[in-house]
Amino acid sequence: MPSLLAKLAADINALDDRTFGGRVTGLSGALIEVSGPVDALGLGARAAVHGAQIARGEIVGFRGDRALLAPYDSIEGIRPGARVSLEGAAPMVRPSQAWLGRVINCFAQPVDGEGTLPQGLHARLVRAAPPSAHDRARVGARLDVGVRALNIFAAICQGQRMGVFAGSGVGKSVLMSMMARGAAADVIVIGLVGERGREVKEFIEDTLGEEGRRRSVVVVATSDESAARRRLAPHMACAVAEHFRDEGLNVLLLVDSVTRLAMAQREIGLSVGEPPTTKGYTPSVFAELPKLLERAGPGREGETGSITALFTVLVDGDDHNEPIADAVRGILDGHIVMERSIAERGRYPAINVLKSISRLMPMCHTRQENDLVARARANLSLYAEMEELIRIGAYKPGADAAVDEAVRVRPALEAMLSQARDELTSIDASFDMLDRALA
C-alpha cells in the first residue's frame, strides 16, 4: 500500500496545473501552423483548435517560431486566428485488466459501444522508449501458436519479434486470427492500422471470434482516419501490451500493418518538408520503425512478462525487397513469407516455409525435431528445383532416388501444411503429423 500511495503521489506531482493558449496562424497542406508560448510547443505535445468544431492534433515539427500541428480530426471550418488550447505534456494512457475484450481507438477511447472504459492506476507514455538492451532478459521458451507451418518451420519463442510479409488478399488477417485463438499467451493485443472500415467488425466478430476476443484488446485506426491517428495507433497497442507485460503476463502483440504506419509517417513527413527518398518514403519513416519494433520483446531482467510480437508488412506489388520490407526484415528476429502463388493453388495459410526463417531456430527444437525439419526442407527444396521438369514429363522416375523421395512425400507435406482457420494444432501434434508425412 505505501508503494501504491507513493506512485499516486508521484503521478499527481507530475501533473501540470498551467494552461497554455495559442492561435492559428496559417494552414500548410494538411498541417496547421500555430503560435503560442515556447513552454507548450514541444514536439509530440497535443493541442485542440477551437472553431465550429474542436479539432485535435499533435505537434510534429516547426517552421520558424511556429509549431506545425498534424490534425487528428477534420480541419473543415478552421479559420486564421482561431483559439488553440496547448497541452505541454506527451500523451499518457492508463490501461487496466478491464480492457480485455474491448475495442478502442488510438486515444484509448472505446469504440465498441459497450460503455465507458475503466482506467488503471498507473499512467504510462503512449510513445515510450524501448527498454535498455543491457537491462533486458533473454527470450523465453518456445511458444505454441497453433499453426503447424510456424510451429515446425519458423518456431517462435516468448519475447521474439517476427514479421509477416505478404501482398494484399493473401491471408495475413486470417493467420493473425488463428494465432490469436491458438497461441499459448496470457493476453493478445491487436493493432489494426489503416484497416478497411468494413472489415473491422468482420475481423472482430467472425475472424477473431468470441474465444479470441475474451483475452484480447483491439486498437483500431481505419484507413479513412487521419495520418496522425494511423501513426499513433500502433504505439497505443504497444503501450497496452507493455502494461500487461509489466504485470508479469506473456503478451502476444499483433500489428497489421507496419506498411500503413510507414505511409502515415511519409504523409506527415512530406507535409513538414522532409525530402523524399526511396519510393517517396522520408527519412523519418526509417527512424520511426525501430522505435516501434524495438518496444516488443522480453521484459527487464528478473521480470517474468514478455511481449511476443508479429508485425505484418504489406509488400508493394508482391515485391518482398521493397524499402519497408527490407528495413523491417533487418530489425526483426525472423520473417514469415506468404505468397500469392501458394494461395492461388488453394493451400492456406499460404506460407512459403522455404523462404520463412526464425533466427532462434534450431535452438528451440530438440535434435530429433531438427532432423525432421531438415528432411522436410530438403524434400520441399528439391521438389521446387525439379518441379518444372516433373510437370512437363522431362524427369523419369528412378533417375534419382532423392528426387523420387521428394515426389513421393510432397502430397503428404502439402496436406500437413494446409490448415483450416478454425483448426489448431499443438507443437507435439505438428511434429507427429510431419513424422507421418515423411514416413
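The values are calculated or read from the model by the stated rules, or taken from the named source; none is laboratory data. Just so it is clear, the model here is predicted, and its values are computed rather than measured. Quick reminder, even Gly has a Cβ in these numbers, built from the backbone with ideal geometry, and neighbours come from all protein chains shown. Accessible surface areas use protein heavy atoms only, side chains included; no ligands, DNA or RNA. Shrake-Rupley method; radii C 1.70, N 1.55, O 1.52, S 1.80 Å.
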*Any chance Pro298 is free of Cβ contacts under 8 Å to residues at least 12 places away in the same chain, open to solvent by 10 Å² or more (accessible area, probe 1.4 Å) and on the phi < 0 side of the Ramachandran plot*: no
*Members of segment 321-335 that are over 27 Å from Gln158 (Cβ atoms) and in contact (Cβ under 8 Å) with a residue 24 or more places away in the chain*: Glu322, Pro323
*Would you confirm whether any residue within segment 349-362 is surrounded by 12 or more Cβ atoms within 10 Å (Cβ to Cβ), among the charged types (D, E, K, R), at pLDDT below 95 and farther than 27 Å from Gly330 by Cα?*
no
*When you go through (1) in a helix (DSSP H, G or I); (2) surrounded by 15 or more Cβ atoms within 10 Å (Cβ to Cβ) one by one for His320, which number turns out not to apply?*
(1)
*Met386 passes all but one of (1) over 30 Å from Val251 (Cβ atoms); (2) open to solvent by less than 30 Å² (accessible area, probe 1.4 Å); which number fails?*
(2)
*Looking at Leu292, Leu254, which is the one that is open to solvent by less than 10 Å² (accessible area, probe 1.4 Å) and in contact with a His (Cβ under 9 Å, 6 or more places away or on another chain)?*
Leu292
